[in-house]
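Bear in mind these aren't lab numbers, they're just calculated from the coordinates by the rules spelled out. For clarity, every value in this text was computed on a predicted model and none was experimentally measured. All Cβ positions, even for glycine, are placed from backbone atoms using ideal geometry, and neighbour counts span all protein chains on display.
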Amino acid sequence: MVYDLVIIGGASAGLSAAIYAARKKLNFILLTDKVGGQSLLTDSIENYPGFVSISGPELVKKMEEQALALGAEIKEKKLVKSVLKIDKIFEIETHDGEKYQTKTIIIASGKHPRPLNVPGEKELTGKGVSYCSICDAPLFQEVPVAVVGGGNSGLESATDSVPYASLIYVLEFGPKIIGDEETQEKLKKTGKVEFIVNAQTLKVAGDKFVDGLVYKDRISGEEKELKVKGIFVNVGQTPSAGFVKDFLELNQQGEIAIDHKTNQTSVEGIFAAGDVTDIKYKQCVVAAAEGAKAALSAYNYLQKASRP
C-alpha cells in the first residue's frame, strides 16, 4: 500500500496534523514511539486556549481521542530509522524492520532530553537519575534530590519535587538562575530549595542506586558532593531529527529547516512541524498550529500532484 501521507511523531504537532489529515479524508498513518512526547512530562499547562489549566497527559489524550474518532490510524512503538525517496514515492523504515511507502511525509518527531554525559548517569538512569519529574518525583519521599538546570524546566522539576523531597538542590552552570523569577520566589518560600550557581556537574555517584552528585564550583575550582537520592536532569532538548540528517537540510542546532509559510522542508513532498523544526517558539499551542499547517500543505501538495 502507498499512503497519501505518513506522520512521524505523536505529540501536539503530530496529533494536530492527524486531525486535519483525517478531516481531509487522506489515506494516512501516524507512526510514533509513544503518543504524547514531551507533553507527558508537564503536570500543568496554563497557556493552551480553552483550558485554564490542564495536565500534559490529559491534553494529549483529548487530541488522540479526537484523531481516533475521525478515523486516524496510530501505531506506537514505531521509531523511524530512515527515509528514502524511490522515484516519486518515499519509503520509511522503522527500527523493527517494517517499511511504509507514501506520497508525502510530515515529520513531527519533537525533541528529546539532552543528557549530562557524565560518569554514572547512564548506569543509574531509572535508578535515581530521571528526566521526568512529573513521572518520578513521588518516588523520592522525604529524601534530598538535585535538579541540574536552572531554566524553567529545571524550576518545574523543583516545583514537582516540593511535596515529596526533604531538600532540593537546583544547580545552574551559569552565574544566575535563568528560570522565571516568580517561580524562583515561590520555591524560596518553601524553605526546601537551595540554588547553587556556577556549578559544573562532574559525576553521578552510587552503586546500584544514586547516592550523590559531584560538582565543581566554577569560581573556586573546588569539587563538592551533594548527598542526594534522586537527580532530575533538565539541561535542554535535542531535536529528534537524526534519521533525516543526511536527507534534509538542518540548521546548526540540528533542527529541520522549513518554509515557515508552508512547513515544506528542503525536499519536496516532505513537511515538518513542531519542536523538531527551526520555528522560534517551542510551545504546545504553537506546535499544534504548525501541525495543522503542515497537514493542509501536504493536502494541497497532493491535490496539485494529482492534476493532469
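According to the square roots a ≥ b ≥ c of the eigenvalues of the Cα gyration tensor, what is the shape class of the stretch 55-169, taking rounded for a/c under 1.5, prolate for a/b larger than b/c otherwise, and oblate for the remainder?
Details: a/c = 3.10, a/b = 1.92, b/c = 1.61.
Verdict is prolate for the stretch 55-169.
Just checking my list (1) 24.5; (2) 20.7; (3) 18.9 against Kirkwood radius over Cα pairs in Å computed from this structure; which label fits? Structure-derived value, by its label: (2). Annotation: amide H of K203 within the under-5 Å range of V214, sequence separation 5 or more or interchain, hydrogens built in the peptide plane. Between helix 152-161 and the chain there is an angle of about 60 degrees, using the helix long axis and the longest principal axis of the Cα atoms.
Explain nothing, just the number: relative contact order of the chain, from Cα pairs under 8 Å at least 6 residues apart, as a whole percent. It would help to have the intermediate numbers written out before the result.
On the way: 716 pairs, mean separation 64.3, N = 308.
The normalised contact order for the chain reaches 21 percent.
Taking 4.7 Å between C-beta atoms as the pairing limit, the chain has these partnerless cysteines: C284.
Could you give me D for the stretch 54-102, from Stokes-Einstein at 37 °C and 0.692 mPa s, where the hydrodynamic radius is the Kirkwood radius over C-alpha pairs? Units µm² s⁻¹, please.
Details: Rh = 12.9 Å.
After rounding, the answer is 254 µm²/s.
Within the stretch 129-233, DSSP assigns beta bridges of which about 40% are antiparallel (rounded to the nearest 5).
Net charge within 13 Å of K282 by Cβ-Cβ distance, Lys/Arg positive one each and Asp/Glu negative one each, not counting K282 itself? Show your work: numbers first, answer last.
Numbers: positive: K111, K280; negative: E255, D275, D278, E290.
Local charge sum for K282: -2.
Amide H contacts for K81 (H built 1.01 Å from N in the peptide plane; partners 5 or more residues away or on another chain; cut-off under 5 Å): E93, T94, H95. Coupling constants for the stretch 140-148 follow from the phi torsions by the Karplus curve (6.51 cos²θ - 1.76 cosθ + 1.60, θ = phi - 60°), and in residue order they are 10, 6, 6, 10, x, 9, 10, 10, 9 Hz; glycine and proline get x. With Cα atoms defining each centre, the stretch 70-89 and the stretch 234-254 are spaced 18 Å apart in the structure. Which shape class applies to the stretch 129-233: rounded if a/c is under 1.5, otherwise prolate when a/b exceeds b/c and oblate if not, where a ≥ b ≥ c are the square roots of the Cα gyration tensor eigenvalues? Oblate, since a/c reaches 1.5 and b/c is not below a/b. Sequence-distant contacts, meaning Cα pairs under 8 Å at least 6 residues apart, place the relative contact order of the stretch 129-233 at 30 percent. Looking at the chain, the DSSP beta bridges with both ends there are about 45 percent antiparallel.
What the phi angles of the stretch 233-239 give under the Karplus curve with 6.51, -1.76 and 1.60, with θ = phi - 60°, is a coupling list of 9, 9, 10, x, 10, 10, x Hz, glycine and proline written as x. Each of the peptides 183-196, 98-111, 201-214 was scored by the mean count of other Cβ atoms within 10 Å over its residues; in descending order, highest first, they stand as 98-111, 201-214, 183-196.
For the listed residue pairs K62/K103; K192/K229; K176/K261, the alpha carbons are over 26 angstrom apart in K62/K103; K176/K261.
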